[in-house]
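Before we start, here is the structure in question, set down as structure tokens.
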Amino acid sequence: MTKILVIEDEEPIRENILELLAAEDFEAAGAENGLVGVSIAREILPDLIICDVMMPDLDGYGVLTALRQDPVTAAIPFIFLTAKAERADLRQAMESGADDYVTKPCTPTELLKAIAARLKRQTNITKPYTQALRQAEERLNHLLHYDSVTNLPNRLLLRERFAQIISDRQENSVALLFLGLDRFSRITDSLRNQDSDRLIKQIAERISETLSMQDTVARLNADQFVVILATLGQRQTVASVAHSILLYLNEPFNLDCGQFFVTASIGIAFYPSEGENIENLMKRAAAAMFSTQKLGGNNYQFYTGNIDVNSAEALVLETSLRRAVERNEFHVYYQPLVELSSGNIVGAEALVRWLSPTRGMVSPAEFIPLAEETGLIVPIGEWVLQTACTQTKIWQDAGFSFSRISVNLSARQFSQPNLSQKIVQILENINLHPSALELELTESSLVENADGAIATLNELKKLGIHIAIDDFGTGYASLSYLKQFPFDTLKIDRSFVHNVTSDSQNTAIMNAVIQLAHNLNLKVTAEGVETEAELNFLCEQQCDTMQGYFFSRPIPAAEFEKLLISNKRLAGRSQSLSP
Ligand code: C2E
Ligand code: CA
Ligand code: CA
């Protein structure tokens, strides 16, 4: 049914129109003032809005401006109801971007005619467009959720399926089987790409054929699969499934180029007793799988407490990480963000480095997860924020056209209750304008408590801080889910940028992501740009900014300053100055 929102402060008029619309079989909603109107519009996304001009607090122009600024509501047809038919008034109404106006008092026929005209026009304009977008979004979702070789769910979809199975389950436990192909690279190394794809496909088919419809099998990477048995919780039954999979895989595989023998190892762990979430469950099942492979493979094993998941090494790392916080062994490196249209450095991403006296330079990929687990990320992250903002202020004061610093915010930091006050405090102390800061968040920070996250993000945005969604494509939310969060920038994960010109799946993903993001009024940053070919592709696709080794690695502040001083640009862009 067509939804129409009526924003009008005079109750009799509002009620009249609502009645009229209901009688015409529209789904009609009313709002008694501009503020309520804006919030209802965002909530119900009506097909058309009828709005009074003169209202206390937020008048009709204010409502229109607010809605046009929000990509989600920007395109909703908007008809003004204006009491005074003075020309100046009407002109202002139309100039402010309304689609039409009706003067009060009006007859029902006049109003309905205006509505019908608007709706018809809107359908003609948006139908092909909406359809194309929907197709792009569907294609993207498929690409992001399925493995392109086997068409099995990938890691992302696996998570979703797992969440579904857990919420549907009764008292039974759920078994997760982690399957690794034994010494598989020895086989594939001798094969051409197409042949190893064919082999993998046949392997995937055999695994699927052993299972029932309700079970899930996903491909994690080249030689690893995960199976979730939806209904079976008893060890005996699970063992027999594992046994059948192994037996079936033992039969030879026939390809045009020869016959191949494959064996696999399976590790098994149970929800909830051996893991409350899929990460822990996979970790344990994988540990059991590796332990099986060490014993010769072609077998299965249940996870037991004797199998080592986190080695003693992690404990040592944690101790030295704690010490590192006390001794301040961290540094911030800066990686330039380059605007593709101008070739100019417009900002930088701050990336933490740990220079350990015993281990040397430790990669954040190694210690951030641990810092996150132990809570040490909170003081570390705060220090990074403080340091990076201070540095930005210095560069701005020195007159460099350096507009923004991007700082990563971990899930743990993001869920701190007084986050925005803390950030405000830091910015005020440094006297840095909030618009010079962009916070990068990953999906995992947002999905656990979406409502809380939206509220926090809105708070930060109100201050003028920019928000980016980081590593897009590696999480498990679809772009349509992410629409509800108020982002400014979408950063496409480097796994999609890599080989974007030769890997057709990545080409399709990049293409769809950039199109959809622009449609949501988001800027797009591509990370991990390493080659000129990748860069050219991004320019063609009208990606907004890039970062990557092609332009510069992350570097210490002093070196970054040299880049600024030399006015280094991407060569060949509009102001073609070579570096
Ligand atoms: P990220 O946020 O996705 O950061 C981008 C990573 O890509 C950085 O890795 C960067 O060095 C790397 N990179 C940039 N260009 C290229 C390229 O052309 N090719 C390749 N192969 N890699 C490139 P880095 O510095 O090792 O950081 C890893 C991750 O650690 C970051 O990923 C981020 O998630 C996290 N991290 C780093 N600093 C912080 C921090 O201060 N706070 C938090 N919470 N996380 C941080
Ligand atoms: Ca980042
Ligand atoms: Ca990233």
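Find the strands (runs of 3 or more DSSP E) located wholly in segment 1-86 whose residues include 1 or more that are open to solvent by less than 40 Å² (accessible area, probe 1.4 Å), aromatic (Phe, Trp, Tyr) and touching a Cys at 6+ places or on another chain (Cβ under 8 Å), and list them.
In segment 1-86, 78-82 are the strands (runs of 3 or more DSSP E) which contain 1 or more residues that are open to solvent by less than 40 Å² (accessible area, probe 1.4 Å), aromatic (Phe, Trp, Tyr) and touching a Cys at 6+ places or on another chain (Cβ under 8 Å).
I'd like the full set of residues that are near ligand 1 (Cβ under 10 Å from one of its atoms) and either out of contact with any Ser or Thr (no Cβ under 7 Å at 6 or more places or on another chain) or among the basic types (Lys, Arg) (or both), limited to segment 527-545.
Within segment 527-545, GLU527, GLY528, VAL529, GLU530, THR531 qualify.
Mind checking which residues of segment 285-301 are more than 17 Å from ALA218 (Cα to Cα) and touching a residue at least 12 places away in the same chain (Cβ under 8 Å)?
ALA287, ALA288, PHE290, SER291, THR292, GLN293, GLY297, ASN298, ASN299, TYR300, GLN301
The rows are residues; the columns are (1) touching a strand residue (DSSP E or B) at 6+ places or on another chain (Cβ under 6 Å); (2) hydroxyl-bearing (Ser, Thr, Tyr); (3) farther than 11 Å from LEU176 by Cα.
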| site | (1), (2), (3) |
| --- | --- |
| VAL226 | yes, no, no |
| THR237 | no, yes, yes |
| GLU251 | no, no, yes |
| ALA264 | yes, no, yes |
| GLY267 | yes, no, no |
| TYR271 | yes, yes, no |
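If you don't mind, another one. Just the residues that are of a type in the set (A, V, I, L, M, F, W, C), under 21 Å from the mean Cα position of the chain (by Cα) and either within 16 Å of ligand 1 (Cβ to nearest atom) or over 29 Å from GLU160 (Cβ atoms) (or both), please, taken from segment 424-452.
Within segment 424-452, LEU437, LEU439, LEU441, LEU446 meet the criteria.
Which number in (1) more than 24 Å from ASN519 (Cα to Cα); (2) open to solvent by 30 Å² or more (accessible area, probe 1.4 Å); (3) among the aliphatic types (A, V, I, L, M) marks the one condition that LEU90 misses?
(2)
Right, here's the next one. Would you pick out the residues in segment 489-516 that are within 15 Å of ligand 3 (Cβ to nearest atom) and either closer than 28 Å to LEU67 by Cα or outside any helix (DSSP H, G or I) (or both)?
THR489, LEU490, LYS491, ILE492, ASP493, HIS498, VAL513, listed by residue number.
What is the one condition in (1) in contact (Cβ under 8 Å) with a residue 12 or more places away in the chain; (2) farther than 26 Å from ALA269 by Cα; (3) part of a helix (DSSP H, G or I) that ILE207 does not satisfy?
(2)
Go through segment 537-550 residue by residue and tally those that are assigned to a loop (DSSP other than H, G, I, E, B), open to solvent by 10 Å² or more (accessible area, probe 1.4 Å) and under 9 Å from VAL338 (Cα atoms).
Of the residues in that region, 1 qualify.
The values are calculated or read from the model by the stated rules, or taken from the named source; none is laboratory data. Keep in mind it's a predicted model, so treat the numbers as computed, not measured. Please note: Cβ atoms are built from the backbone with ideal geometry, for glycine as well, and neighbour counts cover all protein chains shown. Ligands, DNA and RNA are excluded from the accessible area calculation, which covers all protein heavy atoms including side chains. Shrake-Rupley method; radii C 1.70, N 1.55, O 1.52, S 1.80 Å.
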